[in-house]
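Bear in mind these aren't lab numbers, they're just calculated from the coordinates by the rules spelled out. Owing to the predicted nature of the structure, the values given are computational and were not obtained by experimental measurement. Positions of Cβ are generated from backbone atoms using ideal geometry, with glycine treated the same way; all protein chains shown enter the neighbour counts.
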């Protein structure tokens, strides 16, 4: 399936920026963003002449109508826009519902697309243990996970009942790390601390909860494969298949940077993951499997962060 006309929502975010960098140059990419006014400059600096950044508040019908008036019907929409902080949803569930579900519903009321890829979350398995798949019954209690699960149903309804979009994929994504990720993300936050000289690393909780994330290049290539694939509609998991504990993340950083680190466990964490995906659809049907090992990925992120530091030290 052609991606001559691709709409990316949440394009100014971590994964969105990496999508813009890796999307095919042969077509038009519409990059929808809300509050980050630096996206235009990013597009210019990276020489992305095929990308057009468009400001849009996806919770506002007039904004969305204006966006769709510009893009017209698109070959595919990759919906990344969301509240990306699960912990914040516990404190502000109404706000999270607006960012994670109302935005999807408002977009679907106006959008016309041959394919819709909704980036959901592995968090919908909140509260479960052991192996899970999209056929596993779920009943999450974390507001973030509830909003993501509701959005999945709205996407399916738009395709099967309203028929305003063609094929769809609800991707229960387990996470990524890499360049341009938020400073609060554990990989960048801890790497920056270590690079600044910290040798005692504070971790919320006991550090035994699982993180199943992949290097962002692998994630983006998977999303683009789903956006261009035809003949499949449904819900799938997208995970590295090699979950690690938070403690192991710190140990990997120590190994890659060649330093000794001490972990200091503090308090509790809102998102304590004890499940892992057993879904192999991404590999078996779409031929997508992460190829960047964790130590390699941490090394790549470290080099990116170091280049940022070196760049700021250069004279204007």
Exercise. Out of (1) 16.2; (2) 18.9; (3) 19.8, which label holds the value of mean projected area of the Cα convex hull in nm² that was computed here?
Worked result: (1)
Problem set entry | Crossing angle, helix 61-71 versus the chain [Cα axis fit, 0-90 degrees, rounded to tens] | 80
Seminar exercise, completed: Longest principal axis of the chain (C-alpha) makes with the long axis of helix 143-157 (C-alpha) an angle, in degrees to the nearest 10, of 30
Seminar exercise, completed: Taking Cα atoms, the helix 216-228 axis meets the longest principal axis of the chain at an angle in degrees (rounded to 10) of 20
Problem set entry | Residue order, fewest to most surrounding Cβ atoms within 10 angstrom, among 49, 252 | 49, 252
Exercise. By count of other Cβ within 10 Å, fewest leading, how are 296, 85, 237 ordered?
Worked result: 296, 85, 237
Exercise. Going 7 Å from the Cα of residue 199 toward and past its Cβ, which residues in region 253-292 have a backbone nitrogen under 12 Å from where you end up?
Worked result: 259-262
Exercise. With the radius of gyration and the Kirkwood radius both derived from the Cα set of region 172-222, what is their ratio Rg to Rh?
Worked result: 1.01
Seminar exercise, completed: Subtracting the Cα-Cα distance of residue 184 and residue 66 from 0.36 nm times their residue separation yields 39.2 nm
Seminar exercise, completed: Quick shape check on region 142-255: root eigenvalues a ≥ b ≥ c of the Cα gyration tensor, a/c under 1.5 is rounded, otherwise prolate if a/b tops b/c, else oblate, and it reads prolate
Problem set entry | Ranked list, fewest to most other Cβ atoms within 10 Å of each Cβ, for 55, 162 | 162, 55
For this session: Have a look at the DSSP beta bridges in the chain and tell me what percent are antiparallel, nearest 5.
Result: 5
For this session: Taking the Cα atoms of region 57-199, report the difference between the largest and smallest coordinate on each principal axis, in whole Å and largest first.
Result: 54, 36, 27
Exercise. What is the gain in length, in nm to one decimal, between residue 265 and residue 206 on full extension, counting 0.36 nm per residue of separation less the C-alpha to C-alpha distance?
Worked result: 20.7 nm
Problem set entry | Choice from 243, 93, 137 showing the highest fluctuation, given a GNM over the chain with Cα pairs closer than 10 Å | 137
Exercise. Any idea what the alpha-carbon Rg over 2.2 N^0.38 Å comes to for region 1-91?
Worked result: 1.08
Exercise. Which value, in Å to one decimal place, does the Kirkwood hydrodynamic radius take for region 220-275 when every pair of different Cα atoms is included?
Worked result: 15.2
For this session: Note down, for region 167-316, the three equivalent ellipsoid semi-axes (square root of 5 times each alpha carbon gyration tensor eigenvalue), biggest first, whole angstrom.
Result: 30, 20, 12
For this session: Report, as a whole number in µm² per second, the diffusion coefficient that Stokes-Einstein gives for region 247-316 at 37 °C and 0.692 mPa s using the Kirkwood radius over alpha carbon pairs.
Result: 207
For this session: Per DSSP H run of n ≥ 4, the term is -39500 (n - 2.57); total these for the chain, divide by its residue number, and report the mean residue ellipticity at 222 nm rounded to 500 deg cm²/dmol.
Result: -11000 deg cm²/dmol
Seminar exercise, completed: Here Rg/Rh (Cα, Kirkwood) for region 81-128 equals 1.02
